[in-house]
Amino acid sequence: QRASDPFDARSAKSKSHSVRVSPANFDRETIGPAELIVLDHPGRLSSETINLLASLLRRGRGVLYVVAEPVDASNLKRLTEAAGTGLQMPVEFAPAPVGQPRRNLFLTEVRREQPPFQIFGDNLTSLIGELRFSGGLTSRRLEGTLRDDILATYSDRSAFLIATSTDAGSLVVLNADLGTSNLPAS
């Protein structure tokens, strides 16, 4: 919540406010007016929620999905199917193979000229060099998709950050278990 509105929502500097909603309570009235929908550990999303998210993406809303659990791979696949041909994911996410935990990952390929990385300028290399991640999902690049949508990858070649458009909206996927990485504290 702090990242989406770094100022206290009650302060005069705040231009927005955040509302935390359980996925079980998603409906058009609750999330319809939102400019950005952030999903982090939502669990299995209902078909109604998936269809609502797809509809909002088509109508220009932004969705940031932090994927970390096996169910997130299924949710993203269902969201891609519900959005139709307007949403072309550059990768397919999957749970890590049993017995092969994802630990001590670091960022390798980073599109430094693209947001959010461009803001760090010459300091980017030193900033990301200290980041370590565990958990998250594996990914494989899908044939015929834009590599430009993959903004950063991990040392195991899986996607860390992707950004893709659908009709009028945008979907950003952050592949990280924030609870087991040092990103929030950095």
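The values are calculated or read from the model by the stated rules, or taken from the named source; none is laboratory data. This one's a predicted model, so the numbers in the text were calculated from it and none came from an experiment. Please note: Cβ atoms are built from the backbone with ideal geometry, for glycine as well, and neighbour counts cover all protein chains shown. Side chains are part of the model used for accessible areas, which takes the heavy atoms of the whole protein and leaves out ligands, DNA and RNA. Shrake-Rupley method; radii C 1.70, N 1.55, O 1.52, S 1.80 Å.
Observations on the model:
- Residue tally, condition open to solvent by less than 30 Å² (accessible area, probe 1.4 Å), at pLDDT 85 or above and not aliphatic (A, V, I, L, M), over region 27-55: 4
- Residues in region 84-137 that are touching a strand residue (DSSP E or B) at 6+ places or on another chain (Cβ under 7 Å), closer than 30 Å to residue 55 by Cα and in a helix (DSSP H, G or I): 86, 117.
- Residue in region 140-149 that is at pLDDT 90 or above and part of a helix (DSSP H, G or I) present: yes
- Filter result for the condition that a residue is open to solvent by 30 Å² or more (accessible area, probe 1.4 Å) and either acidic (Asp, Glu) or within 26 Å of residue 179 (Cβ to Cβ) (or both), over 150, 128, 119: 119
- Residue in region 10-23 that is open to solvent by 70 Å² or more (accessible area, probe 1.4 Å), within 18 Å of the chain's Cα centre (by Cα) and at pLDDT 90 or above present: no
- Complete set of residues in region 126-168 that are in contact with a Gly (Cβ under 9 Å, 6 or more places away or on another chain) and aliphatic (A, V, I, L, M): 168
- Residue within region 57-73 that is surrounded by fewer than 18 Cβ atoms within 10 Å (Cβ to Cβ), modelled with pLDDT of 90 or more and farther than 17 Å from residue 173 by Cα present: yes
- Looking across region 164-184, just one residue is under 17 Å from residue 103 (Cβ atoms) and of a type in the set (D, E, K, R), and that is 177.
- Single residue of region 153-163 satisfying the filter (surrounded by 22 or more Cβ atoms within 10 Å (Cβ to Cβ) and of a type outside the set (Phe, Trp, Tyr)) that is farthest from the chain's Cα centre (by Cα): 153
- Tally, over region 165-186, of residues that are surrounded by fewer than 21 Cβ atoms within 10 Å (Cβ to Cβ) and assigned to a strand (DSSP E or B): 3
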